[in-house]
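**Q** For reference, the structure I am asking about is given below.
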Amino acid sequence: MRRNHGTTPRTPRILGSLLFLAATGVFTLAAGAAPRPASATPLDQVIPAPASVTPGGPAYRITRTTGVHVDDSPEVRAIGEYLTGILRPSTGYPLPLTGQGASGIQLHLTHGGYGAEGYRMLSTATGVRLTAGTPAGLFRGVQTLRQLLPARVERKTVQSGPWRVAGGIIVDRPRYAYRGAMLDVSRHFFTVAQVKRYIDQLALYKINKLHLHLSDDQGWRIAIDSWPRLATYGGSTEVGGGPGGHYTKADYQEIVRYAASRYLEVVPELDMPGHTEAALASYADLNCDGVAPPLYTGTRVGFSSLCVPKQVTYDFVDDVVRELAAITPGRYLHIGGDEAHSTSHTDYVTFMDRVQPIVARYGKTVIGWHQLTGARPAEGALAQYWGLDSTAAAEKAQVARAAQNGTGLILSPADRIYLDMKYTSSTGLGLDWAGLVEVERSYDWNPGAYLPGAPASAVRGVEAPLWSETVTTSADIEYMAFPRLPGAAELGWSPAATHDWNTYKVRLAGQGPRWDALGITYYHSPQVPWPSH
């Protein structure tokens, strides 16, 4: 049975319509008629906002004779296949994939100072040319091209055209190198297929990190050969007592492979020393008293802890980090570290002093929740801040001091971009311990100036976590993520100068028909001037 998500009925918004008209110039209104696109989507109407847009010249029209021309490299050809896989079903056109040409859609790698993910798009009457210095940059440019085409391009059946791309030039690159989204698969387990679906949605908005929360009190979700009961027993339940589940190593590697095909890096998290009840229930020796507690299916936090004085604890950590690092090609491994209320401060510092070198031994860089700054963050470690606007000044100052001393920051303020927070008091899913987080609130803050005393240069990026205490299906994930996720993506990608709620909400409204075409469930916030149907 479908849940009542507390969707607010869509009502006419005269102001929103006027804003849409003023910002885009592509809609005309007639009495009693819904707005309809009169021309190609302007180059500046995509999300995230591009760094530089120069509109001008005639639009390019994709037709039955259009070809997609790619460099002779496996990576660029794969991106071309990804693009044609989107365009062919909806246009009905053959769109042959061939070598480089002078017209049509062109994907080309070049040396041009674009950086790791930047790109340039030139659209003229004869074609669209995407150039970048890396395959990742080309892939980001393809997402821009997608959004410049009508939303119906996302459908899997043949749609009516025309398929126009506005004329002009976009030169684009990200503000931050780390632009993440976290999915908690521990409170409730999500299958490989469900994770892939979310990856596809993240890719559309140029997210480049998928943080997987793989262990918690309610479930251990990754197979570890040297400690098999972690997955088979510790992974056998979830919040509410459901069947849980876990990923085999092959499952996890398939998620990693699929994410890489969308130019996302998987950041696995093993939360410790707290949030470890599933591990403690699986192996009695990990408990200080040698007695395994029962499996846990509630939502309370802060009651569990690995036994810091025992050597077996570090044998355990070494084994799980070694095995997970071996199947994780990305740079980072997240060690959690939050809400360790059952671990004394002295034990917490001791634990982190011993565990961080283990992560380094297996070639990974530590990420920890910002409580890590209360210990001694390793050189190069990143601290993920999840506090609130109202978090105590002393706690913020602790994080800022660590940033001043070289610890990089990922910003995930819970009352801004925790995607599991309710939108309003009537939202049928989510929690509200951090407050109610409507769409404007989730977007309207500046990562570079958010944390007092922290140098702007210490901010490595932004991440939008989605905890799953109340989230059980893909539709639930989508309802909580959309429409807030695109805003988090824009905060991570776009220049600060582009940040403006009044223009952003108009661009966001334009995404609604695309989500409809993609079958994405989303919250119809009354703060956004959604187009009428």
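The values are calculated or read from the model by the stated rules, or taken from the named source; none is laboratory data. For clarity, every value in this text was computed on a predicted model and none was experimentally measured. Neighbour counts run over all protein chains shown; Cβ positions are idealised from the backbone, glycine included. The area values use the complete protein model at the heavy-atom level, side chains included, leaving out ligands, DNA and RNA. Shrake-Rupley method; radii C 1.70, N 1.55, O 1.52, S 1.80 Å.
**Q** Apply 1/(1 + (r/R0)^6) to the Cβ-Cβ distance of D285 and H524, taking R0 = 45 Å, and write down the FRET efficiency to the nearest 0.05.
**A** Working: r = 52 Å, r/R0 = 1.14.
The pair D285/H524 has a calculated efficiency of 0.30.
**Q** If you don't mind, another one. Classify region 329-372 as rounded, prolate or oblate from the Cα gyration tensor: take a ≥ b ≥ c as the square roots of its eigenvalues, call it rounded if a/c is under 1.5, otherwise prolate when a/b beats b/c and oblate if not. Show your work: numbers first, answer last.
**A** Numbers: a/c = 3.57, a/b = 1.78, b/c = 2.01.
Cα axes put region 329-372 in the oblate bin.
**Q** Per-residue ellipticity at 222 nm for the chain, helices alone: DSSP H runs ≥ 4 residues times -39500 (n - 2.57), over residue total, nearest 500 deg cm²/dmol? Walk me through the numbers on the way to the answer.
**A** Details: 16 runs with 167 residues, N = 533.
Calculated from helices alone, the mean residue ellipticity at 222 nm is -9500 deg cm²/dmol.
**Q** Per residue, how many Å² of accessible area does region 162-207 show with a 1.4 Å probe? Intermediate values should be presented prior to the final figure.
**A** Working: 1100 Å² over 46 residues.
Roughly 24 Å² per residue, with all protein chains present.
**Q** If you don't mind, another one. Using a 7 Å offset from Cα along Cα-Cβ at D516, what residues in region 139-163 end up with backbone N under 11 Å from the label point?
**A** Residues passing the 11 Å test: 151-152.
**Q** If I compute solvent accessible area with a 1.4 Å probe over the protein chains, what percent of it on the chain is carbon and sulfur? Numbers along the way, then the final one.
**A** Values: 10590 of 19450 Å².
It is 54 percent, rounded to a whole number.
**Q** Starting from the coordinates of the alpha-carbon atoms of region 115-198, obtain the Kirkwood hydrodynamic radius over all distinct pairs and give the value in Å to one decimal. Provide the component values of the computation, followed by the final result.
**A** Numbers: mean 1/r = 0.0647 Å⁻¹.
For region 115-198, inverting the mean 1/r across all distinct Cα pairs yields 15.5 Å.
**Q** Extending each Cα 7 Å along its Cβ direction at K310 and A250, get the distance between those two points in nm, one decimal.
**A** According to this spin-label approximation, the distance is 3.3 nm.
**Q** Moving to a separate point now. Send over the semi-axes of region 242-356's equivalent ellipsoid, whole angstrom and largest first, taken as the square roots of 5 times the C-alpha gyration tensor eigenvalues. Please list the in-between numbers first.
**A** Working: eigenvalues 139, 58, 35 Å².
Calculated on Cα positions only, the semi-axes equal 26, 17, 13 Å.
**Q** Please compute the Cα-Cα pair-distance distribution of the chain with 20 Å bins starting at 0, giving whole percents from short to long.
**A** Bin by bin from 0 Å, the calculated values are 22, 54, 23, 2.
**Q** Kirkwood Rh over alpha-carbon pairs of region 118-257, then Stokes-Einstein at 10 °C and 1.306 mPa s: what D in µm² s⁻¹, rounded to an integer?
**A** On the way: Rh = 17.9 Å.
Approximately 89 µm²/s, per Stokes-Einstein.
**Q** Could I ask something else about it? Distances longer than 14 Å among the Cα atoms of region 322-416: what percent of all pairs is that?
**A** On the way: 2912 of 4465 pairs.
Cα-Cα pairs of region 322-416 separated by over 14 Å account for 65 percent.
**Q** According to the Cα gyration tensor, what semi-axes, each the square root of 5 times an eigenvalue, does the equivalent ellipsoid of region 212-252 have, listed from largest to smallest in whole Å?
**A** Details: eigenvalues 52, 22, 15 Å².
Over the Cα atoms of region 212-252, the semi-axes work out to 16, 10, 9 Å.
**Q** Please give the per residue volume of the convex hull enclosing the alpha carbon atoms of region 395-487, rounded to a whole number of Å³.
**A** Details: hull volume 9.2 nm³, N = 93.
Value for region 395-487: 99 Å³ per residue.
**Q** Could you list the residues of region 104-130 with an amide nitrogen less than 15 Å from a label point located 7 Å from the Cα of S73 in the Cα-to-C-beta direction?
**A** Under cut-off, by backbone N: 107-120, 130.
**Q** Taking +1 at the Cβ of each Lys and Arg and -1 at the Cβ of each Asp and Glu, which of V195, Y423, A151 sits farthest along the dipole of the chain towards its positive end, judged by Cα position relative to the Cα centre?
**A** A151
**Q** Go through 443-456, 194-207 and give me the packing order, highest mean Cβ count within 10 Å leading.
**A** Numbers: 443-456: 16.9, 194-207: 21.1.
For the peptides 443-456, 194-207, the packing ranking is 194-207, 443-456.
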